[in-house]
Structures are given as structure tokens and as C-alpha cells.
Amino acid sequence: MPAPSRAKTWGVLVIVAISTPLALAIEMALRELMFPPEFAEVRAWLRPQITPWVWAMVPLAAVATVVGFSVQRRLIARSLRKLPPERRDEAALASARFDALMLSTSAPQLPALFATMGLTMGADPLPVVVTMATGTLGVVVQGIWALRARPAIS
């Protein structure tokens, strides 16, 4: 299988980066369209209990980004170790980097998804937006690092 091009990697990275904010927008639209008006009262009642938990997702998204870097390095190394030495070339490295990027960018997105669920249940929107921005930034930073990093192919 040919190695993914840089353009394909950037394209997929953009899709991954916007997926969580897009999920937030869809959640908000569906809530407005499908939930009964009484649910606003339930959300208001739950807001004080849920908002602190959503604020906790902000640093969790930052930590998850750092964890994602570690996961990414380990996945790349593991993929290259599985190959015989004669097949460890730039194409194998690019393929391993792409696969690792797709998995590791899930880490900063998980807290953002939990924050979106918190918004559904009544959390204040500010921590949700901050978590979303932190998670999206984490995905982009991981992607830039993956495209610029030059691990050894040995």
C-alpha cells in the first residue's frame, strides 16, 4: 500500500480537528429541535452541579494532548519494529506516522466530547467552548508534530 501523501494527511487532520466542534453544533441544533421546552428547566437546575465537571475537562484535554504525543511515538516505533529491516523506509515511516496520527488525535478529543455531553445536560457554555478549543488545538499540534517529526528508521 502506498504511503499517504502530505496533502491527504493534512486533509484528514483538518477533518479530525473540526469533527468535535461540528459534533457540538449538531448537538445544539438537535437539542433545540427535539427536546421539550421543559428540558431547559432541568438543564438550569443541573448547571451548578455539572459546570465544575466540564471545567475539569479543560486541563484534561491539555494532558490528553501530551499523552497523545507519547502514544504517537510508541505507535510509530511499534509499526516500524514489526517490519523487516529492508522494508523500513520513508514510505513505511509515512504510513506508520499517518496511522499513529489517526489514533493519537482521539486523546484530546475525548474530553471535548464529554464537555459536549455536559452542555447537553446543562453545563455553562464557556467551559465547553474552552475545552473544545483546547482539544482542537491539541489535534492540530499533534498533526503538525507528526508531519514535521523525523524519527529514526532503524
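The values are calculated or read from the model by the stated rules, or taken from the named source; none is laboratory data. This structure is a prediction, so every number in the text was calculated from the model and none was measured. Cβ sites come from the backbone with ideal geometry, for glycine too, and all protein chains shown count toward neighbours.
Numerical summary
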{"quantity": "Scan of segment 29-45 for residues that are surrounded by 12 or more Cβ atoms within 10 Å (Cβ to Cβ), within 20 Å of VAL130 (Cα to Cα) and among the aliphatic types (A, V, I, L, M), ordered by number", "calculated": "none"}
{"quantity": "Residue tally, condition in contact (Cβ under 8 Å) with a residue 12 or more places away in the chain and in a helix (DSSP H, G or I), over segment 118-136", "calculated": "12"}
{"quantity": "Meets criteria (crowded, with 17+ Cβ neighbours inside 10 Å, in contact with a Phe, Trp or Tyr (Cβ under 7 Å, 6 or more places away or on another chain) and in a helix (DSSP H, G or I)) for PHE114", "calculated": "no"}
{"quantity": "Qualifying residue in segment 91-102 (condition: at pLDDT 90 or above and not hydroxyl-bearing (Ser, Thr, Tyr))", "calculated": "no"}
{"quantity": "Which listed residue, of PRO36, PRO2, is at pLDDT below 90, over 18 Å from the mean Cα position of the chain (by Cα) and part of a loop (DSSP other than H, G, I, E, B)", "calculated": "PRO2"}
{"quantity": "The lone exception for ALA146 - which of (1) part of a helix (DSSP H, G or I); (2) over 22 Å from LEU60 (Cα atoms); (3) modelled with pLDDT under 85; (4) not hydroxyl-bearing (Ser, Thr, Tyr) it fails", "calculated": "(2)"}
{"quantity": "Residue ID - surrounded by the most Cβ atoms within 10 Å (Cβ to Cβ), chosen from residues in segment 117-135 that are of a type in the set (A, V, I, L, M, F, W, C) and over 20 Å from the mean Cα position of the chain (by Cα)", "calculated": "ALA123"}
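Table: residues versus (1) under 23 Å from ALA23 (Cβ atoms); (2) at pLDDT below 95.
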position: THR51; (1), (2): yes, no
position: ILE76; (1), (2): no, yes
position: LEU80; (1), (2): no, yes
position: PRO85; (1), (2): no, yes
position: MET117; (1), (2): yes, yes
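Per-residue answers, yes or no, for (1) in contact with a strand residue (DSSP E or B) (Cβ under 9 Å, 6 or more places away or on another chain); (2) under 30 Å from ALA146 (Cβ atoms); (3) of a type in the set (Val, Ile, Thr):
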residue	(1), (2), (3)
THR9	no, yes, yes
LEU33	no, no, no
PRO37	no, no, no
ALA40	no, no, no
TRP45	no, no, no
THR51	no, no, yes
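Matching residues to (1) touching a residue at least 40 places away in the same chain (Cβ under 8 Å); (2) touching a Pro at 6+ places or on another chain (Cβ under 6 Å); (3) surrounded by 13 or more Cβ atoms within 10 Å (Cβ to Cβ); (4) outside any loop (DSSP other than H, G, I, E, B):
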position	(1), (2), (3), (4)
LEU13	yes, no, yes, yes
VAL16	yes, no, yes, yes
GLU27	yes, no, yes, yes
VAL54	yes, yes, yes, yes
VAL63	no, no, yes, yes
SER70	no, no, no, yes
SER79	no, no, yes, yes
